[in-house]
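Working notes for the structure below.
The values are calculated or read from the model by the stated rules, or taken from the named source; none is laboratory data. Bear in mind the structure is a predicted one, so any value in this text is a computation, not a measurement. All Cβ positions, glycine included, derive from the backbone under ideal geometry; neighbour counts span all protein chains shown. Each accessible area value is taken on the protein alone, full model and side chains, heavy atoms only, with ligands, DNA and RNA left out. Shrake-Rupley method; radii C 1.70, N 1.55, O 1.52, S 1.80 Å.
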Amino acid sequence: MQQVAVLGATGSIGTSALDVISRHPRRLRASVLSAGSQVDALIALCRTHRPDHAVIADASRFDALRDGLRDAGLKTQAHAGSEALDALVASDACTTVVAAIVGAAGLPSTLAGARAGKRLLLANKESLVLAGELLMQAVHAANATIVPIDSEHNAIFQCLPDAHARAGLKRIVLTASGGPFRGRTRDTLADVTPAQAVAHPKWSMGPKISVDSATLMNKGLEVIEAHHLFGLPADRLDVLVHPQSLVHSLVEFVDGSTLAQLGLPDMRTALAVGLGWPERIESGVAGLDLLRHGRLEFEAPDLAAFPCLGLAYAALRAGGTAPAVLNAANEVAVSAFLQGRIAFLGIPALVEETLAALGSNSAGSLELLGEADRDARRFAEAAIGRMAGRIEAMQ
Ligand code: NAD
Ligand code: MG
């Protein structure tokens with residue numbers, strides 16, 4: 001029996017993971033569930049899945065979690081805070097970790113899973129962008145198994161199951177849906193709203209990654225993610241817009257062969273690959289009926305309308321702390337956009353300004369990366385203040 005810790009259980013990926021787990025009661029069990037601050041949603045999941053442990057990141061919600069679990073008559077133990085989560089992830093409470101917390105907040109628990117040699121189902125792409133080298137070193141040192149859950153990287157993982165298959169690899173092509181604003185020019189994006197930005201045409205996801213998909217920063221983060229997972233430099237990682245979101249990515253070999261993985265846009269397929277690997281298990285997702293879907297189309301990404309993709313390539317090429325700065329500035333910018341504090345085009349502007357101001361320094365330790373992350377957040381917040389000041393001055 002695989003004991004699975006689902007981190008970010010109340011989110012979009014967490015919910016999909018629990019759906020797949022509950023289809024295999026003799027093989028999989030959710031033993032640890034974690035959430036950020038939504039106690040009621042976490043308790044509701046505990047009623048259904050009866051884990052041994054439930055962890056709320058927001059320590060001020062601990063009493064509510066403990067009392068709620070007791071009132072529900074559950075034996076699930078309540079815990080709070082990031083350190084409690086990391087300790088549980090590293091303990092024998094789980095053999096498998098679904099890392100599905102959003103943002104840099106997911107790094108400590110992801111690292112804890114890697115260091116403890118767990119089977120790591122990695123959805124939290126920000127942890128690879130922020131600390132990819134250190135995280136991959138930890139995976140190798142502890143002999144952890146990492147299965148990417150991002151659909152593109154999961155597709156590549158399926159096409160390149162072992163080192164042998166990677167020998168003749170020429171390049172990787174990540175597909176992108178293009179998001180809700182595909183085909184629009186830059187000047188028509190000035191006044192798009194958060195509601196428009198999170199309305200993704202093909203995937204149902206949390207708000208942060210939905211905005212990242214609309215700016216194409218999501219694809220930029222994924223290029224950096226692919227660099228760490230598959231060891232290719234930026235100039236062998238390409239991006240192709242594919243509006244139908246049925247081809248999840250492609251790998252090209254030196255002999256002219258290209259392999260791709262196809263399927264409906266439903267994250268349960270990637271999660272089932274991770275939970276069952278190397279066996280294939282039911283995910284609840286229907287097979288692909290290509291006759292019904294008809295056409296598969298491809299186009300080049302528009303870097304003028306969506307500069308975030310170019311900024312991510314630049315950060316990857318600069319190396320060092322630049323990807324950590326990119327990620328932190330983007331998290332601040334997306335959150336400010338969702339709160340209505342900056343406009344959509346303010347997101348790339350803020351990331352560009354922060355990258356230009358902070359540059360790239362040595363990223364040899366977690367402390368240095370943490371410092372770069374904090375500096376970038378501070379700079380980006382101050383820059384938002386200046387942007388607001390400029391807008392007020394213009395009115
Ligand atoms: P979401 O917003 O739906 O869920 C986020 C989860 O993280 C929630 O359970 C929330 O309670 C928890 N959380 C938030 N802040 C936290 C904190 N500070 N500490 C601890 N927990 C916290 O997000 P999502 O769409 O499920 O995405 C999760 C991760 O998976 C992201 O890194 C995203 O990029 C990645 N991902 C998601 C999808 C998708 O289809 N949703 C696809 C590929 C990759
Ligand atoms: Mg993806």
Work out which helices of the chain, taken as complete DSSP H runs, extend at least 27 Å along their axis over the Cα atoms and score a mean Kyte-Doolittle of -0.5 or more, then list them. 366-394
Which distance in nm do the two modelled labels at T193 and A41 give, with both placed 7 Å along the Cα-to-Cβ direction? 2.2
Straight-line reach from K202: which lysines have a Cα under 28 Å away, not including same-chain ones fewer than 8 places off? K125, K219
Per residue, how much accessible surface does the chain expose to a 1.4 Å probe? Answer in Å², no decimals. 42
So which aspartates and glutamates pass the test for K170, namely a Cα distance under 13 Å, with those fewer than 8 places away in the same chain ruled out? D235, D238, E252, D255
Enter the Cα centre distance for the pair segment 216-234 and segment 265-324, rounded to the nearest angstrom. 11
Among beta bridges that DSSP assigns inside the chain, antiparallel share in %, nearest 5: 25
Partners for K75 among lysines (Cα-Cα distance below 27 Å; same-chain residues under 8 apart left out): K118
Give me the percent of the accessible area of segment 319-395 that comes from carbon and sulfur atoms, probe 1.4 Å, all protein chains in place. 55
Paramagnetic label zone (point 7 Å from Cα along Cα-to-C-beta, Q137; backbone N under 20 Å) in segment 358-389: 360-374
If you put +1 on each Lys and Arg Cβ and -1 on each Asp and Glu Cβ, how big is the dipole of segment 15-90 around its Cα centre, in Debye rounded to 20? 520
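So if each residue of separation counts as 0.36 nm, and I subtract the Cα-Cα distance between E83 and Q3, what length gain in nm does that give?
Residue separation times 0.36 nm, minus the Cα-Cα distance, leaves 26.8 nm.
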If I build a Gaussian network model for the chain, linking alpha-carbon pairs within less than 10 angstrom, which residue out of R280, R377, R295 has the largest mean-square fluctuation? R295
Who wins for biggest fluctuation among G294, G370, G385 in a Gaussian network model of the chain, springs between alpha carbons below 10 Å? G294
What value, in deg cm²/dmol to 500, does the helix sum -39500 (n - 2.57) over DSSP H runs of n ≥ 4 give at 222 nm once divided by the residues of the chain? -14500 deg cm²/dmol
